[in-house]
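Coordinate-derived values only; no laboratory data. Being a predicted model, the structure only gives us computed values, none of them experimental. Glycine also receives a Cβ, built like all others from the backbone with ideal geometry; neighbour counts cover every protein chain displayed.
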Amino acid sequence: MTEKHIPVLAQEVITHLNPHAGEHYLDLTAGYGGHARSVVERIGNNGRATLVDRDQNAIEHLTESFASDNRVELIHNDFFAASKQLVAEDRQFDLILADIGLSSPHIDNAERGFSFQKDGPLDMRMDPRIPLTASTVVNDYSKEALVSLMQKYGEVRGANRIADAIIAARPLKTTTQLADVINNSTPRYPKVRLEAQIFQAIRIVVNGELEQLTSSLPLWHKLLKPNGRLAVISFHSLEDRIVKRYFSENGGDRYDADLRLLTKQPVTGTPEECFSNPRARSAKLRVAQRK
């Protein structure tokens, strides 16, 4: 089996989730199974795993990887919709992992439109079934909306000038066209960083990422059994802030706190991992346990 995606913080996830034989595991962003395989190995024959992903390619890969394993069930949906479904079914789990990041196959496949370094359509949908695309955002949003999303989700300086340049260049059809407009509008700004910030902002809007995370955290809390562990990996400060706030509001030493914080500070990758897997450089892991 070819490994399509190197999971970040793999050893740290195992250390903090601490899987035991017979436990039930929920992976809300299973992707290509990097974390899942390690956990499934440790929960033994009496354990159960529910693997969720919104991406059809990932689901096909997981189906092939776990075809002969009757301990594993797959759900093809985004993590918020899947979480609502599982809560409605009154399911609970000992271990929950949400790796809230963009996988390498998403970036590497130019046709998905996530990369500003490869020419592809302005798409950026993690699930092609959703209607909103990056093309709609880039070509139809008002200047005010473009400025707002760049500032809010990309923390971009000079957003007014960039929005004017995008509107003047419409219609834009490809990722490299958009990248060129961004570069030409701000000649003195560090190129790669700016492109990454703006593509991130558009991707967050297209996929409703922050809203889904905010709405999902209380559901994940409900899905935890007593003493169950919840691990969340985030890749930028906006996500990490949401997770940190929820854990702080529901955890700690207060008499009414329902979560015990297993990571006082976010866990980050070792220098060796960050060197070998650049995605790990921005990854932050936070873990809490239900009391």
Whole-number percent relative contact order across the chain, with pairs defined as alpha carbons under 8 Å at least 6 apart:
19
Relative to the longest principal Cα axis of the chain, at what angle does helix 175-185 sit, 0 to 90 degrees, rounded to 10?
60
Label point distance in nm, residue 183-residue 222, each placed 7 Å from Cα along Cα→Cβ
4.8
Rg to Rh, two decimals, where region 141-194 supplies the alpha carbon set and Rh follows Kirkwood
0.92
Bin width 5 Å, origin at 0, all Cα-Cα pairs of region 110-207: what percent of pairs per bin?
2, 16, 28, 29, 18, 5, 1, 0
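Mind ordering 236-242, 128-134 by average Cβ neighbours within 10 Å, highest first?
Numbers: 236-242: 17.4, 128-134: 13.9.
The most tightly packed comes first, giving 236-242, 128-134.
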How far apart, in nanometres, would the label points at residue 6 and residue 274 be if each is projected 7 angstrom from Cα along the Cα-to-Cβ direction?
1.5
Burial ranking of peptide ranges 70-80, 46-56 (average Cβ count within 10 Å, highest at the top)
46-56, 70-80
Using 14 Å as the cut-off for backbone N distance, which residues of region 120-140 belong to the label zone defined by a point 7 Å from the Cα of residue 174 along Cα→Cβ?
120-123
Too-long pairs where the Cα-Cα distance tops 29 Å, listed order kept, from 244/291; 143/222; 152/173; 222/284; 84/143; 152/291:
143/222; 84/143; 152/291
Want the number for residue 214 to residue 109: 0.36 nm per residue separation, take away the alpha-carbon distance, what's left?
35.0 nm
Any idea how far apart residue 160 and residue 129 come out in nm if each label point goes 7 Å out from Cα toward Cβ?
4.3
Does anyone have the angle between helix 143-154 and the longest principal axis of the chain? Alpha-carbon axes, 0 to 90°, nearest 10?
40
Taking R0 as 30 Å and r as the Cβ-Cβ distance between residue 38 and residue 245, the FRET efficiency 1/(1 + (r/R0)^6), rounded to the nearest 0.05, comes to 0.55
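With runs of 4+ DSSP H residues as the only contributors, calculate the mean residue ellipticity of the chain at 222 nm using -39,500 (n - 2.57) per run, divided by the residue total and rounded to the nearest 500.
On the way: 13 runs with 136 residues, N = 291.
Using -39500 (n - 2.57) per qualifying helix, the result is -14000 deg cm²/dmol.
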DSSP beta bridge pairing in the chain, given as percent antiparallel to the nearest 5:
35
By how many degrees, 0 to 90 and rounded to 10, does the Cα axis of helix 191-207 deviate from the longest principal axis of the chain?
60
